[in-house]
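Below is one structure; the comments refer to it alone.
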Amino acid sequence: MKKSRKTDGQPVDDLQLLRDLILGEEKDRLHKLDLRVSDLESRTSDVAEVLPAAMNRLVGDPASKPDFERPVVESIRGAIKRDTESFAEALFPVLGPAIRRAIADALSGLVQRINAALEHSFTIKGLKWRLEAARTGVPFPQIVLRHTMLYAVQEAFLIQRGSGLILASVHRDELLALDEDAVAAMLTAIQSFIQDSFGMAADEPLRSAELGERTVWVINGPAAALACVISGSPPRAVRAELMVLLETLHARYGNRLSEKPEGLSGDEGLRALMGEALREEVDASVRSSTSFKYKFLWIMGGLLLLGFLGYASINAWRDQQLSRQVVDLFQAEPGFVITAAEMDDGILNISGLRDPQAVPVAALLDSQQIPAGKVKTDFSPYQSLDREVIIQRLQRRFSLDPITTFNLEGDELTVSGTLTSGQFAGLQSLPDSHALIRSVNLDGARLNAEEASRVFREALDAPDSVSFQPAGAQMAVSGLADGSWFTAAREVAIEVPGWQLDFMPLQQNLSAQLNDLIENLNGRVFQYVFETRLTPESAASLDVAGSELVTAQDLASALGAHLNVTLEGSADGTGSRERNIEVSLSRSRHLLEELVARGMTEQGVTQTLAGWNESGIEPERRKVTLFIERSANP
Amino acid sequence: MISRKICLLGAFSVGKTSLVRRFVHEVFDDRYITTLGTKIETVVVQLDSGPVKLVIWDMEGAENTDDEADLVTSRMKAYLQGLNGVLLVADGTRAATLKTARRLHQWIMGASPGTPAVLLLNKADLKTQWQLSPQDLKELSESLKCFSTSALSGSNVDKAFLHLAQVLLESK
């Protein structure tokens, strides 16, 4: 029920009055507040006053940070999409320094790794680690890192409790990363298995596991567990730090950790936070010894460099020497023209021209004991005008004996030695066909003995009893021949290159033959029966005697000798002295006639009387005795 | 990449491990080694809609019992937490294993309703020895997607796993 009364002629609402009395002050304040809230300018001023403090508080509060970040990030993302150009302009001044810093950081990490690897490359420990790397298949830098670090969190997995599905993972080395899903699931399974097998409660989860040289720490949270694969021995404080990290993850992501994992996939903020789990601590003692090791390293490196340079220099010098030696060798050898020579990986490549008559390459290299494998040649054939090669080519062309020599002086070719008639003919006509040779001097050459003998025999029409034998520069004529042939042959002029006939052996033979005939004929007796009648035996011997006398006279004539032939007639003493003289003379004349009839020359024949025995008859003195002797001159 | 946890459930010696080995490694080994606890394999399968990483939990065999506590042990329950799909496996030559598979399915549906499930009637290479009647098969196919598989020959193995992967992807 509402009551009212009038005041100053106006009805007064008691209730309103009461309100004013009780709440008037608050009402005024409320009115003022209403005006302040309604006034945009005033409200803006108020917010501006508290905004910096509120933002600082939000940034410092992990629980509120996602709620604060999300609209900011979304706003920035939307703004970038709408006006990319403006953002590009705004970011441009910071992009360069940011990129430089990122590159510097990356290079710094790389240099540290290289330094660590190099530092341990030349020590006994380093060699051990190399062996370990070879044995285990783990890269050497990784082994170095493993041994020089007190501990390092190699991998970290954020695993959803219950499902065991992976929410996020980070790795120190992507190449060595495990199958994160399999690891996460298996850790969960092991945890469940242990809890079940040992009757442990769910709030007594698996805390750590040893896997070879690595330890797995499991930090459990209400929605997710942080599993860290650690090498080395981390201090306990690290576990507390990891716990703080897991709490931060829970505070920031809350229920999202219990949702399907793909909701967090690609969340760079989550990955960045997870990256903080990859902690490490390097052995300070290892670092402290670096200065000495660096010195050792530098010395070793310097020595190696010097050794390498020395080795390279020696090799280069050897290559140069070999190149010079081989090029000089080929250039000095007739029939080679070198157009290029260069070393390539220790092999000397030579190219140029080679006359087919030149010395084989392999033989040439072998003559200087140069390994054939060190030289590779590529020669094109050509005709050399080198004197030696021309001579070799001629020797090959004419198939000359090795003892036959050529000498080329200017355009005249001088030949010495033995040639066949064909070679003679070919060489004599050589100037007609050869570009360089204008004349051929064959004075020093002679026909070979066989052909020369044949030429002499044919030219002299020599009987078979005559032979031609080479004796030095002369062709000795020997054997037997009749005097007339001997006389005629000596008169014949024959020119056979390089040969002179020597008749002396034949002359000596003929002289000996003449002497034999003289000895055989001298004192030969021809018996008579009576008067000028020869006994049958003597008559029968006339032909032989006549022939021998003819031969003797012929030989004597050829040899320039003189024969004295005396026919001495004898009688048996019967009758008078005159009778005996007459008979003796008639008998010697008879024999002379008989011999002349058989070809003997009468010139130089003398008839004499042998006398007789006057005291008695001697029939055996009915004879003619032939005396013959040789005198040097008539 | 999307990951999904799937579990293979079934009685002892129905061929769960052999099916996983056939699907993941494409091999078959007729030696029987009982699984203690669980074995975990991961494999990435390419579906039309993209790649999916399957984290396959090959569970130890379940007891053939009516007692739920013995059918699904506490350890098994722990393993099954957060599963996205289940492959129930039965041995066609042993009718009892089908019963176990159905009970396991019922338990799963009770604990996590709507979980995609596929039934694999394994040992199809011994189909002449199967103890399942056509009526059984018809009833099964009405309630569950069924595949007649053989870890020995590989028949339908890929098809069953890929079907479940596809269902999991569609139900995300």
In which sequence would A:VAL375, B:VAL43 go, from the one with the fewest C-beta neighbours within 10 Å to the one with the most?
-> B:VAL43, A:VAL375
In terms of the Cα gyration tensor, with a ≥ b ≥ c the square roots of its eigenvalues, is the range A:511-631 rounded because a/c is under 1.5, prolate because a/b exceeds b/c, or oblate?
-> prolate
Could you pull out the trypsin sites (Lys or Arg not before Pro) across the range B:1-85 that fall in loop regions by DSSP (anything but H, G, I, E, B) with no more than 11 other Cβ atoms inside 10 Å?
-> B:ARG31
Return the calculated 222 nm mean residue ellipticity for chain A, to the nearest 500 deg cm²/dmol, obtained by summing -39500 (n - 2.57) across DSSP H runs with n ≥ 4 and dividing by the residue count.
-> -17500 deg cm²/dmol
Exposure proxy order (Cβ contacts within 10 Å, fewest to most) of B:MET109, B:MET59 = B:MET109, B:MET59
Neighbour-count ranking for A:TRP217, B:TRP57 (other C-beta within 10 angstrom, fewest to most) reads A:TRP217, B:TRP57
Farthest towards the positive end of the dipole of chain A, among A:LEU348, A:ALA493, A:ALA312 and with Cβ unit charges of +1 on Lys and Arg and -1 on Asp and Glu, lies the Cα of A:ALA312
A student applying the Cα gyration tensor rule (rounded when a/c is under 1.5; otherwise prolate if a/b is larger than b/c, oblate if not) would label chain A prolate
If a/c stays under 1.5 just call it rounded; otherwise compare a/b with b/c (prolate if a/b is bigger, oblate if not). Do that for the range B:52-172, with a ≥ b ≥ c from the square roots of the Cα gyration tensor eigenvalues.
-> oblate
Membrane-span-like helices in chain A: DSSP H runs reaching 24 Å or more (Cα, own axis), mean Kyte hydropathy at least -1.0?
-> A:14-38, A:40-60, A:65-82, A:84-119, A:180-197, A:236-253, A:290-332, A:504-521, A:536-559, A:577-597
Check each of the GluC sites (Glu not before Pro) in the range A:472-566 and keep only those in coil by DSSP with at most 13 other C-beta atoms within 10 angstrom; list them in order.
-> A:GLU495, A:GLU531
Peptide B:30-39 - average C-beta neighbours from other chains (10 Å radius) | 2
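No value in this document is a laboratory result; all are computed from the given coordinates. Because the structure is a prediction, the values reported are computed rather than measured. Glycine gets a Cβ as well: all are built from the backbone with ideal geometry, and neighbour counts include every protein chain shown.
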